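Enquirer: Please read through the structure below; I'll follow up with questions.
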Amino acid sequence: MIFVTVGTHEQPFNRLVKCMDELVKNNRITESVIIQTGYATYEPKCCKWSKFFTYSEMEKNMDEARIVITHGGPSSFIMPIQRKKIPIVVPRRKEFEEHINNHQNEFCKAVAERLGMIIIVENIDSLGKIIQDYETIAAKMKIEISSNNTKFCVEFEKIVNDII
């Protein structure tokens, strides 16, 4: 299953929702697709969808998904990373009236460059190919999530052991 989330921003993200629906319609994607459409005005015809999901439904969908596709908001792409999944990220763009500026694109590029844990789609026409090649692309990436709590505990334990 592929799970798509466009977040809760009030500008529609029809470009991503419609693209996913078309990929299913044209049999470029044959597995089931669930889309959280948010304020999109386009209603998918070939995919299961809901404007919004509860937090527990979001977690369930992300856990069950083979691939998670998100918009470029950090809250959306961090959740699959926390589940050890490499998300495909399609940043919202100003020129398509999906956001007020291109900060998602700029932010996602910085995250990909520094951490390498997301697959960015800048050209929506390449999304089908990226989904097709997902396993190969994701296999070359690794997820390294470090917890500051864990680091603190390790360092604190060293200090305590040195004192004792």
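Enquirer: Rounded to a whole number, what is D in µm²/s for the chain from Stokes-Einstein with the Kirkwood radius over alpha-carbon pairs (10 °C, 1.306 mPa s)?
Expert: So the translational diffusion coefficient is about 95 µm²/s.
Enquirer: At 222 nm, what helix-only mean residue ellipticity would the chain give, in deg cm²/dmol to the nearest 500, using -39500 (n - 2.57) for each DSSP H run of four or more?
Expert: On the way: 7 runs with 72 residues, N = 164.
The helix contribution divided over the chain gives -13000 deg cm²/dmol.
Enquirer: Roughly to the nearest percent, how much of the accessible area of the range 1-73 is carbon and sulfur, given a 1.4 Å probe?
Expert: Carbon plus sulfur share of accessible area: 50 percent.
Enquirer: Determine the distance separating the Cα centre of the range 20-45 from the Cα centre of the range 56-122; give it in Å without decimals.
Expert: Each part's Cα centre sits 17 Å from the other's.
Enquirer: Using a 7 Å offset from the Cα along the Cα-to-Cβ direction at both residue 46 and residue 141, what is the distance between the two label points in nm, to one decimal?
Expert: 2.4 nm
Enquirer: Relative to the compact-globule scaling 2.2 N^0.38 Å, provide the ratio for the alpha-carbon radius of gyration of the range 48-87.
Expert: 1.08
Enquirer: How would 115, 23 rank on accessible area, largest to smallest, probe 1.4 Å?
Expert: Solvent-accessible surface, decreasing: 115, 23.
Enquirer: Another question, if that's okay. On a 0 to 90° scale, report how tilted helix 14-25 is relative to the longest principal axis of the chain, with both axes built from alpha carbons and the result rounded to the nearest 10.
Expert: For 14-25 against the chain, the angle is about 70 degrees.
Enquirer: What's the magnitude of the charge dipole for the range 12-101 around its Cα centre, counting Lys and Arg as +1 and Asp and Glu as -1 at the beta-carbon? Answer in Debye, nearest 20.
Expert: 160 debye
Enquirer: A further question follows. Treating only the Cβ atoms of Lys and Arg (+1) and Asp and Glu (-1) as charged, compute the dipole magnitude of the chain about its Cα centre; round to the nearest 20 debye. Show your work: numbers first, answer last.
Expert: Working: 22 positive and 22 negative charges, 54 e Å.
Rounded to the nearest 20 debye, it is 260 debye.
Enquirer: Continuing with the same structure: With the calculation restricted to Cα positions, what are the radius of gyration and Dmax of the range 1-66 in angstrom?
Expert: 11.2, 31
Enquirer: Taking each pair of different alpha-carbon atoms in the range 29-70 once, compute 1/r for the pair, average those values, and report the inverse of that mean as the Kirkwood hydrodynamic radius in Å to one decimal.
Expert: 11.1 Å
Enquirer: Show me 37-47, 61-71 ranked by packing, highest mean number of other Cβ atoms within 10 Å first.
Expert: 61-71, 37-47
The values are calculated or read from the model by the stated rules, or taken from the named source; none is laboratory data. Quick caveat: nothing in here was measured; it's all calculated off a predicted structure. Positions of Cβ are generated from backbone atoms using ideal geometry, with glycine treated the same way; all protein chains shown enter the neighbour counts. These area figures cover heavy atoms from the full protein model, side chains too; ligands, DNA and RNA do not enter into them. Shrake-Rupley method; radii C 1.70, N 1.55, O 1.52, S 1.80 Å.
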